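Read the figures in this text as sums done on the coordinates, not as results from a lab. Everything quoted here is computed from the prediction, not taken from an experiment. FYI the Cβ positions are ideal-geometry reconstructions off the backbone, even for glycines, and counts take in every protein chain you see.
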Amino acid sequence: MRRTDRLFEIIQLFRGGRLWRGQDLAERLGVSLRTVYRDIDTLIASGVPIEGERGVGYLLREPVFLPPLTLTHAELEALQLGARLVARLGDPSLVKAAEALLGKVDAVVPSDRQGVDLVAGVGLYGPSPEGEAAYLPVLREAIRRLRRLTLVYRRLDGVLTERLVRPLHIEHWGRVWTLSAWCELRGDFRVFRVDLIEAVEVGEAFLEEPGKSFLDFLARKFGEAGELGAPSNSI
């Protein structure tokens, strides 16, 4: 049995919820006890929530939804390239997540593909977000949790303003990140360039209301322009 198949077989066995001794797993898989311990260490290092210890047994504390990885060469190349784009354009938390993802995939793909740089001949020379990346985790979290934000924002004319907004969506346009939001001050949708945000303060939660959601924003944009393009009300 290939190592990749063995790792997934171990996960499938653990999904039953029972305690498995290392020796029982070794007999079930037809490998040595030492191999079982090494496989379990690999799965734990990859983030699979296995608990237990050698000589006692192991079990899975949380459900894991991990389908078999039967990736083609092109799919692995796309994954590596995508992770590099995230590392260049994303915020620090997403950079770490991309690196962790590649590590997990590398742990379960066939040995002849492990540690192989499939996109060594591809260069990424576009602009990176640099300073604005620091605010992206805060914006993403506020969007997920429906929390208002107070922004200290530098308008395109250089004037500093303070805005209370309901964050709805963040977008990357190739050169800059933008935040689409409902502006409480203007009583309308507004789009803010993330690189022009000077400070962010997370405020109280808000409830979604008809006419103020991201779908409403898109409906207006589609209605005005016929297609979704760069926002016209960026400030």
Summing Lys, Arg as +1 and Asp, Glu as -1, what charge do residues with Cβ under 9 Å from the Cβ of residue 183 carry, residue 183 excluded? +2
Trypsin sites (Lys or Arg not before Pro) restricted to the range 12-64 and DSSP loop, no more than 15 other C-beta within 10 Å: 15, 18, 54, 61
May I ask you to work out the translational diffusion coefficient for the range 3-60 at 4 °C, viscosity 1.567 mPa s, via Stokes-Einstein with Rh from the Kirkwood sum over Cα pairs, reported in whole µm²/s? 117
